[in-house]
1. Highest GNM mean-square fluctuation, the chain, Cα pairs closer than 10 Å: which of 113, 209, 29?
2. How big is the gap, in Å, between the Cα center of the range 243-306 and the Cα center of the range 1-24?
3. Go through 237-247, 275-285 and give me the packing order, highest mean Cβ count within 10 Å leading.
4. How far apart, in nanometres, would the label points at residue 95 and residue 157 be if each is projected 7 angstrom from Cα along the Cα-to-Cβ direction?
5. Would you compute, for the Cα atoms of the range 5-124, the largest minus smallest coordinate along each principal axis and list the three values in descending order, in whole Å?
6. Which whole-Hz ³J(HN,Hα) couplings does the range 274-285 yield from phi under the Karplus relation 6.51 cos²θ - 1.76 cosθ + 1.60, θ = phi - 60°, glycine and proline marked x?
7. Averaging over every viewing direction, what projected area does the convex hull of the Cα atoms of the range 142-317 cover, in nm²?
8. Taking the chain as a Gaussian network, where each spring joins two C-alpha atoms under 10 Å apart, which residue of 288, 174, 205 fluctuates the most?
Amino acid sequence: MKFKSRNLRAIANMVIGDSDHFPYRSSFYITQFFEECDLEFVHDGSTRAIWTSERLLELLEDPQPAAFHLPARFLIVLRSLLDQREAEDNDPGRQLALASLNQPLMREGFEAYFDEDRILQARHIGSKIVSAATNLHRPLTPKEAERKKLLNSYLDRCSEDELIEEILLPLFRQQGFHRISAAGHSDKTLEYGKDVWMRFVLPTQHVLYFGIQAKKGKLDSAGATKGSNANVAEIYNQVLMMLGHEIFDPETNKKALVDHAFIIAGGTITKQAKNWLGGKLDASKRSQILFMDRYDIMDLYVTMNVPLPHGALPKAATDDDEIPF
């Protein structure tokens, strides 16, 4: 990723404090700032603004986690730059500092904002995709834990169509997948074993196609389906259809085979179910199967800051358009 020189210089001036609403940092404190970002940059005594711009350029040259995402280490620097603990008396909520940062960011197609925990987030203006720089397995904040609890309750009561439309589609869009198309359940004649198909563009501009087979409840290998549980044998033929049937991509005007198949459950996927399916598929097809269960969905949803579906919000908050979730 590349930023224009003037935008990079503007952010560098904020880091060193040569910009309004940001604390001044001498050589020692510039090094300390980068240490707090877990970066091993040591200021060498040269011109502070030029040296800092060069370091930021290095961070921008890191691989992007996904399309329309800022590089993870660069986002961490922005978060440290807008740390609430460094608020000035005339800018207690750091809104003035945020407005200053957004001037160069918006010229590059990104926008920064504070989430409900007052942590800086950055999203791509065109696609609305929020950049992620967090570990899925890190400890959750209290508000994130509450969001996870609300999402867990919603997954208990949502339908299979709601799981797809309200949960999975926003989640995969957030992660940079394109052309996400849901087959729906009112007319299955053209579904060909998949509930959703989508495409992902690699940094090399190669395109991978994915299909999704989603089930609302637990996926197990019991002899018969019970209640909301689904037997993995029921989706075996659907997976074969998904991997063997071509899809038409209107963007390229070509047909393509699905490269990978997601099997997603709103409940848990037992180890026995995975082993059973693995034994039925040949080696080449086994490598094409990816599993996601409820815990994977919830961890991704919360740590990537995807807005909760309307039906998951508390009843007292459903009519409020300013919900922080």
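1. In the Gaussian network model the winner is 29.
2. 42 Å
3. Ranking, from highest mean packing down: 237-247, 275-285.
4. For residue 95 paired with residue 157, the spin-label model returns 3.6 nm.
5. 37, 37, 25
6. For the range 274-285, the Karplus-derived couplings read 5, 5, 4, 5, x, x, 7, 8, 6, 4, 5, 6 Hz, x marking Gly and Pro.
7. 11.6 nm²
8. 205
Readers should treat all values here as calculations from the given coordinates under stated rules, not as data from a laboratory. Bear in mind that the values here come from a model prediction, so they are computed numbers and not experimental data. In this analysis, Cβ positions are derived from the backbone assuming ideal geometry, glycine residues included, and neighbour counts consider all displayed protein chains.
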